[in-house]
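The values are calculated or read from the model by the stated rules, or taken from the named source; none is laboratory data. All values derive from a computational prediction rather than experimental measurement. Methodologically, a virtual Cβ is constructed for each residue, glycine included, from the backbone with ideal geometry; neighbour enumeration extends over all protein chains shown. To get the accessible areas, we keep the full protein, side chains included, count just its heavy atoms, and leave off ligands, DNA and RNA. Shrake-Rupley method; radii C 1.70, N 1.55, O 1.52, S 1.80 Å.
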Amino acid sequence: MVDLIILASLLALGYFFGQYFEKNHYKSIIKREAKYRNVVAIASRIPPVSENPGASILVTGSVVISVDYFKRFLASLRTLIGGRVVSYESLLDRARREAILRMKKKARSLGADKVFNIKLETASISKNARGGIGSIEVLAYGTALVPVRR
Amino acid sequence: MIVSNMEIIPGKRVKEHFGLVQGSTVRTKHVGRDLMAGFKNIFGGELRGYTELLHEAREEAVVRMKQQAEAIGANAVLNVRFSTSSVAQGAAELFAYGTAVKLE
């Protein structure tokens with residue numbers, strides 16, 4: 001009985017705080033994406049030759065983000081029937097967008113407006129969630145081209 | 001020392017190749033951070049402690065890679081890649097590698 005109450009309160013806490021944090025995070029992501037729109041992230045490996053060659057600087061952005069208890073519970077139920085795990089999809093989406101934003105922020109602070117050869121890497125770092133992915137790390141990196149002022 | 005994850009540096013020519021250079025570090029978090037991460041696993045959200053830890057560790061790996069490149073007389077590292085692997089419970093290895101070259 002006590003176990004059941006603890007489980008229910010954990011689920012409720014996870015549900016309310018998780019929703020709240022996710023909503024706020026998406027709001028802030030959308031706001032900052034508009035702010036950094038003029039820093040262009042390009043996935044091509046080699047910049048066009050016509051580009052005014054400036055200094056090349058490696059820029060990185062990373063974030064470690066965790067899923068809440070309620071969503072983890074949903075995901076564990078989902079493994080019984082299979083299919084889309086929507087709760088983890090939004091987690092990965094948020095993490096990737098956040099990592100790219102941090103990379104862009106770094107690029108802009110260096111005075112760059114283009115970042116080439118973007119690579120994204122995802123790693124699951126926390127194994128303490130009883131085998132579940134729980135928290136993930138996303139790293140975004142690329143080469144910022146800082147135009148030389150004349 | 002120029003570090004880039006592109007194969008070329010725009011406007012510069014590669015004079016000499018020195019081959020692969022690498023830098024790595026293995027890090028683990030302390031108990032306090034682990035406890036905080038436990039709370040965050042209930043509420044969800046960013047684990048700032050971990051973000052910082054991994055960021056610092058990655059910088060360290062890049063610094064070691066640069067030192068290795070410098071030691072063999074290179075002035076740039078191209079095509080840099082990062083890799084993360086967990087080697088033990090709660091410990092992660094951050095690894096950076098690239099090609100050391102001399103630019104004109």
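Are any of the residues in the range A:54-64 open to solvent by 60 Å² or more (accessible area, probe 1.4 Å), within 19 Å of the chain's Cα centre (by Cα) and within 28 Å of A:GLU121 (Cβ to Cβ)? Within the range A:54-64, none of the residues are open to solvent by 60 Å² or more (accessible area, probe 1.4 Å), within 19 Å of the chain's Cα centre (by Cα) and within 28 Å of A:GLU121 (Cβ to Cβ).
Each residue in the range B:13-37 was checked for being without any contact (Cβ under 8 Å) to a residue 24 or more places away in the chain and more than 7 Å from chain A (Cβ to nearest Cβ), and 6 of them qualify. For the range B:59-90, filtered to residues that are open to solvent by less than 20 Å² (accessible area, probe 1.4 Å) and within 20 Å of A:SER124 (Cβ to Cβ), the residue that is farthest from the other protein chains (Cβ to nearest Cβ) is B:ALA61. Cβ-Cβ under 6 Å, sequence separation 6+ or interchain: first residue in the range A:83-107 and without any contact (Cβ under 8 Å) to a residue 24 or more places away in the chain, partner assigned to a helix (DSSP H, G or I) and surrounded by fewer than 19 Cβ atoms within 10 Å (Cβ to Cβ). Which pairs? As it stands, the answer is A:VAL85/A:ALA75; A:VAL85/A:ARG78; A:SER87/A:LEU74; A:SER87/A:ALA75, since those pairs meet every condition given. When the residues of the range A:38-76 are filtered to those that are farther than 27 Å from B:VAL62 by Cα and among the small types (Gly, Ala, Ser), the one that is nearest to the other protein chains (Cβ to nearest Cβ) is A:SER50.
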